[in-house]
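S.K.: Mind having a look at this structure? Questions to follow.
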Amino acid sequence: MTVEDHVEQVSKELHEQPFQVILIDLAKTFQERKIQCVEKPLEEDELSFVALSYRWGEVQETAIDIQLDYLATITSFDLDNLYHLCEMMAQEPDLQSINYVWVDAICVDQANYERRKATIHQMSNIYEKATYILAVPDLHKRHVQSISEAHFEMVWYIETHNDYIYHLLHESKDTLDELDNAFLSNIGAPDDPAIRQQLLENTDYFADGFTSFRPSDWPYNSMEILDKAYQESQVSGADTTAGNNNNDDSDYQRWLDGGDTSNQETSCPLMPITSQGRMESSWRQQIYERNIGIRGGVKFMADLIRDWSSRVWVISEYHIAKKKNNLKYWFIALSEQSARLPDNVAFFRFDFDDPAFSSYLQTYPGAASYIVHMHLHDTLIKQLTTQSFLQMMLKSKASKHEDRFYAILPQSKYISKISQVSDWQLHSMVDVKLKLFEIMDTNDKVNLLFMSGVHDTKTQGDTLPTFATSIYSWDSHFLSYTGSPYNIDFDDDYITLRYQQDANLHYLQLIPAEYYIGWRSETTNMDYYDAKVAKARKTKLFKYNDHDDDDEDDHHHGFTMDIVALTPVAKQSGIDDSDVRIHLIGSFAENKWLLSSAYDGGIEWEHHYNEDKTTIFNIY
């Protein structure tokens, strides 16, 4: 019996027995600040636990004997952050009655291959059994801080303004107003009602500015208002006592009302303030820096969400959460100074059925670019609810290529293929794409093919197979296209992956309903065309069976190639699909084609129907 056979036999035996899941005891762990684990039957009726979803980091290894016959070695996160998270979970309103938490870095015996494999086979069941799935995009905070000074500063922004950011994400306007006024009083800003009103309502530095969509013709300049308020306070001493400048005859009030201040002895309200003066100022500079910190912190949190949600196993986890709609999320940096947050603070909940602010973002799609907390919520919605199967497979990050299939196939219509993954040899992303062309239905094959050749994708026209070596643009709108009639017949295998044994080449055999032939004309950019031809004919495809190495002889000099354009939908649909055409360069005579970048050099296109399905394209 080989080692592999032994492992398979042991794994099978473990799989047939009732699975024992290892869980962390929440209360004991945060009280003793030491990992305390228990072992429970996964199918136990009363078992309730939280399953963490996070991305692994790279910190100094910590070894822990969890007293269950193995040593847990942790390099993903700092234990102090986990202890603090356990304490937060024990106080969180929805989680405080739950006694256990699943953390794969600790609850999987990584050193025992048989037990590790048995646990991985149960991974979906573990997350499906969880009462809640808690996403913590910055559980690896210690690693994030070590990447660069910029990352360290962004984490510091979140920690410093955690209370404000917490309420901003909830858009708790009344609480934000209270925090704004308390902040202004704390830094010694003027109590003059006119100044306060202008700062709070007409600048971008406080709740109104953070939560409102300001039109392009917004009449107020935030920096100008702040500088003027500071100048006036320095002249009048309005920042020293409440109401000290509370009169309608002040320069500031007249300036706000559009009045004339030219006869006053004070300096011009719009006098330029140098950067040095701004740096030396007190409350003005603190307002400015607070604004930068809050906005920068929230945007960085959105980046953390995008990074976390792009991990292939995380994609599996939040898709499982979608079934029970039991996903919550939290940030370690928000609870670093937990005393500043409300008692028993509630974690954020992501509602897959009705995500926070989704209606607003649908009505005002541009709001995510201007309203900082909307940017975070928009990121969550797009990452967790709108990604296609191909995006999850190819845009995600995975340490092993087979993990893409292990994690994503169970959440897709291709779940029946999961048992075959162990037999696939996947050494590169090219192998992944070839396998997708083999197992997917026609709809997804067409999407993947056109994704590989549209105008904003970087097509590697001289690297075979050209349909599997492109660098994708994920902004292409055709990915979400579901219209008809398609240019490829979905009822038959009109797009199939094939293999040419003697040449050791994979190719796609495609039978479209129609196609376009490109012809050179007087306006054709011949330099551009000749460069395309020269690049194509140097590939292995057109050198194959050509034993003549002389590129300057007559055989090569007269070599021309055909150009073809294909669209995903038929011309009769009336849809303008010029942006989603793919272009082929090759030979009708030999039926050899390469996926090529777009032809913009004065090519004239002639439309052809393929009603009898006799025109077939072999794309290498």
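The values are calculated or read from the model by the stated rules, or taken from the named source; none is laboratory data. Treat the numbers as computed from the prediction; the structure is a model and nothing was measured. No Cβ is skipped: glycine too gets one built from the backbone with ideal geometry, and neighbour counts run over all protein chains shown.
S.K.: Does ALA407 satisfy the condition of being assigned to a loop (DSSP other than H, G, I, E, B), under 18 Å from the mean Cα position of the chain (by Cα), in contact (Cβ under 8 Å) with a residue 12 or more places away in the chain and outside the structural domain of MET89 (by the TED database)?
M.R.: In short, no.
S.K.: Of the residues GLU39, GLU44, which single one is under 18 Å from GLN20 (Cβ atoms), among the acidic types (Asp, Glu) and in a loop (DSSP other than H, G, I, E, B)? Full working, then the answer.
M.R.: Numbers: GLU39 fails: in a loop (DSSP other than H, G, I, E, B).
The match here is GLU44.
S.K.: Okay, moving on. Please go through (1) among the hydrophobic types (A, V, I, L, M, F, W, C); (2) under 26 Å from LYS535 (Cβ atoms); (3) modelled with pLDDT of 90 or more for VAL454 and return the number of the only condition it doesn't satisfy.
M.R.: For VAL454, the failing item is (3).
S.K.: If you go through the range 197-208 one residue at a time, how many are without any contact (Cβ under 8 Å) to a residue 60 or more places away in the chain and not in a loop (DSSP other than H, G, I, E, B)?
M.R.: Of the residues in the range 197-208, 7 are without any contact (Cβ under 8 Å) to a residue 60 or more places away in the chain and not in a loop (DSSP other than H, G, I, E, B).
S.K.: Going by what's in this entry, would HIS373 be described as part of a helix (DSSP H, G or I) and modelled with pLDDT of 95 or more? Before the answer, list the steps.
M.R.: Numbers: part of a helix (DSSP H, G or I): yes; modelled with pLDDT of 95 or more: yes.
When the stated conditions are applied, HIS373 passes them.
S.K.: Looking at the range 214-250 only, could you name the residues that are of a type in the set (Phe, Trp, Tyr) and either at pLDDT below 85 or part of a helix (DSSP H, G or I) (or both)?
M.R.: TRP218, TYR230
S.K.: Additional query: Considering only the range 323-337, how many residues are under 20 Å from ASP307 (Cβ atoms) and either assigned to a helix (DSSP H, G or I) or under 19 Å from the mean Cα position of the chain (by Cα) (or both)? Write out each step before concluding.
M.R.: Within the range 323-337, the first condition is being under 20 Å from ASP307 (Cβ atoms), and the residues that meet it are 327-336.
Now narrow it down to the ones that are either assigned to a helix (DSSP H, G or I) or under 19 Å from the mean Cα position of the chain (by Cα) (or both): 327-335.
So the answer is 9.
S.K.: Can you name the strands (runs of 3 or more DSSP E) wholly within the range 579-620 that have at least 1 residues being farther than 15 Å from GLY453 by Cα and of a type in the set (Lys, Arg)? Break it down stepwise before answering.
M.R.: Numbers: elements: 582-587, 592-596, 604-609, 617-619.
Correct list: 592-596.
S.K.: Right, next: Of all residues in the range 300-322, which are more than 11 Å from the chain's Cα centre (by Cα) and among the small types (Gly, Ala, Ser)? First the steps, then the outcome.
M.R.: Of the residues in the range 300-322, the ones more than 11 Å from the chain's Cα centre (by Cα) are 300-301, 312-314, 316-322.
Hits for the range 300-322 are SER316, ALA321.
S.K.: While we're looking at this one, here's another question. Give the range 381-409 a look and list any residue that's closer than 19 Å to GLN420 by Cβ and β-branched (Val, Ile, Thr), or say none.
M.R.: If the condition is that a residue be closer than 19 Å to GLN420 by Cβ and β-branched (Val, Ile, Thr), then ILE408 is the only one that fits.
S.K.: Let me ask something else. Select, from ALA118, ALA105, the only residue that is over 24 Å from PHE331 (Cβ atoms) and of a type in the set (Gly, Ala, Ser).
M.R.: ALA118
S.K.: For the range 152-167, indicate whether the set of residues that are in contact with a Lys or Arg (Cβ under 7 Å, 6 or more places away or on another chain), more than 26 Å from PRO355 (Cβ to Cβ) and either surrounded by 14 or more Cβ atoms within 10 Å (Cβ to Cβ) or of a type in the set (Gly, Ala, Ser) (or both) is non-empty.
M.R.: No, because not a single residue in the range 152-167 is in contact with a Lys or Arg (Cβ under 7 Å, 6 or more places away or on another chain), more than 26 Å from PRO355 (Cβ to Cβ) and either surrounded by 14 or more Cβ atoms within 10 Å (Cβ to Cβ) or of a type in the set (Gly, Ala, Ser) (or both).
S.K.: Still on this structure, I have one more. Out of contact with any Gly (no Cβ under 7 Å at 6 or more places or on another chain), farther than 22 Å from GLN231 by Cβ and outside the structural domain of LEU334 (by the TED database) - does that describe any residue in the range 182-195?
M.R.: Yes, the range 182-195 contains at least one residue that is out of contact with any Gly (no Cβ under 7 Å at 6 or more places or on another chain), farther than 22 Å from GLN231 by Cβ and outside the structural domain of LEU334 (by the TED database).
S.K.: In this structure, is GLN383 outside any helix (DSSP H, G or I) and not assigned by the TED database to the domain that holds PHE490?
M.R.: It is false that GLN383 is outside any helix (DSSP H, G or I) and not assigned by the TED database to the domain that holds PHE490.
S.K.: Could you grab the pairs with beta carbons closer than 7 Å, sequence gap of 6+ or different chains, first residue in the range 376-387 and among the aliphatic types (A, V, I, L, M), second one modelled with pLDDT of 95 or more and not in a helix (DSSP H, G or I)?
M.R.: Cβ pairs passing all conditions: LEU380/PHE350; LEU380/PRO355; ILE381/PRO355; LEU384/PHE350.
S.K.: Only one of ASP502, ASP550 is among the charged types (D, E, K, R), modelled with pLDDT under 80, loosely packed, with under 11 Cβ neighbours inside 10 Å and outside any helix (DSSP H, G or I). Can you tell me which? If you could, list the steps in order and put the result at the bottom.
M.R.: Values: ASP502 fails: modelled with pLDDT under 80.
After applying the criteria, what remains is ASP550.
S.K.: On to the next question. Can you spot a residue in the range 180-196 that is β-branched (Val, Ile, Thr), without any contact (Cβ under 8 Å) to a residue 24 or more places away in the chain and surrounded by fewer than 20 Cβ atoms within 10 Å (Cβ to Cβ)?
M.R.: No: zero hits.
S.K.: Just for the range 27-74: of the residues that are among the acidic types (Asp, Glu) and closer than 24 Å to TRP313 by Cα, which one is modelled with the highest pLDDT?
M.R.: Within the range 27-74, the match that is modelled with the highest pLDDT is GLU39.
S.K.: Right, here's the next one. Tell me yes or no: at least one residue of the range 348-370 is surrounded by 20 or more Cβ atoms within 10 Å (Cβ to Cβ), touching a residue at least 40 places away in the same chain (Cβ under 8 Å) and assigned to a helix (DSSP H, G or I).
M.R.: No, the range 348-370 contains no residue that is surrounded by 20 or more Cβ atoms within 10 Å (Cβ to Cβ), touching a residue at least 40 places away in the same chain (Cβ under 8 Å) and assigned to a helix (DSSP H, G or I).
S.K.: Another question, if that's okay. Does at least one position in the range 505-513 carry a residue that is outside any strand (DSSP E or B), among the hydrophobic types (A, V, I, L, M, F, W, C), surrounded by 14 or more Cβ atoms within 10 Å (Cβ to Cβ) and at pLDDT 90 or above?
M.R.: There is at least one residue in the range 505-513 that is outside any strand (DSSP E or B), among the hydrophobic types (A, V, I, L, M, F, W, C), surrounded by 14 or more Cβ atoms within 10 Å (Cβ to Cβ) and at pLDDT 90 or above.
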